[in-house]
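Novice: I am attaching a structure below and will ask some questions about it afterwards.
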C-alpha cells in the first residue's frame, strides 16, 4: 500500500464475497461520486475468510442465508439469488476472490472495481461460486482482462503478499467487520459510520472529519 501523504484518504475496506458489501454497492457509488475532490479514495481488501477446500457446514450455511434475508429486509432492493445454495458447493473461503481483485488491479487500477463487481454479481445474482479459481478466471475473461496474465497473478506469491499486507492494514485500523469506511489524515484513522440507504450521513461525517483536520493543521501553522 502507498504510504499516507498530507492529502486526506478515505479507505473503503471490503471483501468481494461480503454480502453487506454487495448491499452497500449502490449507496457507495453515490457516496464516491459526491466526495470532495481533495479526498483520495483507496479500496482495501480486508479478507473475510481464508482458503479452505472444506464444504461449508450446514449450520454456517443457515447463518449466511439468514444474513441474506436480513439484507433483503434492511436494504430491500438488493438482489440475492438463493439458488446459489442448492446449485453450488459453498465454502467459507473468500481469499481467492480477494486475490482476484488484486490480480485485476495489477493490469491497471481501473480494473479493480469492475472485477469486484463481476465477482459480486456472479455470487449474488448468477449462482456462481467465486471461491473457485475457475469462476474467477472466467470472470476475468468476461470483463476483458488478459486472462493468462490474470491467472498467473492470481496464483502468484506477490498477490498473496499484497493481500496479507491489506489485511494487516485493516487490522491496524481496528476494522472488525465489512464494509467499513475509514478516514485518514495527519491525526490518524477515524471510522465513518456506514449507512446502507443514504450517502448523506456518511458525507456529513466525512465533512466533520475534514473540518477537524483543517482546524488542527491551522493550529499547527500558527
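Novice: Could you go through the range 198-205 and let me know if any residue there is assigned to a loop (DSSP other than H, G, I, E, B), exposed (fewer than 14 other Cβ atoms within 10 Å of the Cβ), at positive phi and modelled with pLDDT of 95 or more.
Specialist: Scanning the range 198-205, I find no residue that is assigned to a loop (DSSP other than H, G, I, E, B), exposed (fewer than 14 other Cβ atoms within 10 Å of the Cβ), at positive phi and modelled with pLDDT of 95 or more, so the answer is no.
Novice: If we only count helices (runs of 4 or more DSSP H) wholly inside the range 90-187, which ones have 2 or more residues that are in contact (Cβ under 8 Å) with a residue 12 or more places away in the chain and in contact with a strand residue (DSSP E or B) (Cβ under 9 Å, 6 or more places away or on another chain)?
Specialist: 95-105, 112-125, 157-172
Novice: If we scan the range 93-104, do we find a residue that is over 30 Å from residue 208 (Cα atoms) and surrounded by fewer than 16 Cβ atoms within 10 Å (Cβ to Cβ)?
Specialist: no
Novice: Now for a separate question. From 176, 87, 164, 152, grab the single residue that is out of contact with any helix residue (DSSP H, G or I) (no Cβ under 8 Å at 6 or more places or on another chain) and at pLDDT below 95.
Specialist: Going through 176, 87, 164, 152 in turn, the sole match is 176.
Novice: What are the residues in the range 71-84 that are in contact (Cβ under 8 Å) with a residue 12 or more places away in the chain, surrounded by 13 or more Cβ atoms within 10 Å (Cβ to Cβ) and either closer than 12 Å to residue 126 by Cβ or out of contact with any helix residue (DSSP H, G or I) (no Cβ under 8 Å at 6 or more places or on another chain) (or both), if any?
Specialist: 80, 81, 84 - these are the residues of the range 71-84 that are in contact (Cβ under 8 Å) with a residue 12 or more places away in the chain, surrounded by 13 or more Cβ atoms within 10 Å (Cβ to Cβ) and either closer than 12 Å to residue 126 by Cβ or out of contact with any helix residue (DSSP H, G or I) (no Cβ under 8 Å at 6 or more places or on another chain) (or both).
Novice: Here's a follow-up. Please specify each residue of the range 52-64 satisfying the condition of being assigned to a loop (DSSP other than H, G, I, E, B) and in contact with a strand residue (DSSP E or B) (Cβ under 9 Å, 6 or more places away or on another chain).
Specialist: Passing the criteria: 52, 53, 54, 56.
Novice: Can you work out which of the residues in the range 5-38 that are at pLDDT below 95 and in contact with a strand residue (DSSP E or B) (Cβ under 6 Å, 6 or more places away or on another chain) is surrounded by the most Cβ atoms within 10 Å (Cβ to Cβ)?
Specialist: 8
Novice: State which residue is surrounded by the fewest Cβ atoms within 10 Å (Cβ to Cβ) when the search covers only the range 120-131 and only residues that are over 18 Å from the mean Cα position of the chain (by Cα) and closer than 18 Å to residue 56 by Cα.
Specialist: Restricting to residues being over 18 Å from the mean Cα position of the chain (by Cα) and closer than 18 Å to residue 56 by Cα, the top hit is 127.
Novice: Out of all the residues in the range 50-65, is one or more under 16 Å from residue 14 (Cβ atoms) and modelled with pLDDT of 95 or more?
Specialist: Checked the range 50-65: no residue is under 16 Å from residue 14 (Cβ atoms) and modelled with pLDDT of 95 or more.
The values are calculated or read from the model by the stated rules, or taken from the named source; none is laboratory data. Predicted model only: the values in this text are computed from it and were never measured. No Cβ is skipped: glycine too gets one built from the backbone with ideal geometry, and neighbour counts run over all protein chains shown.
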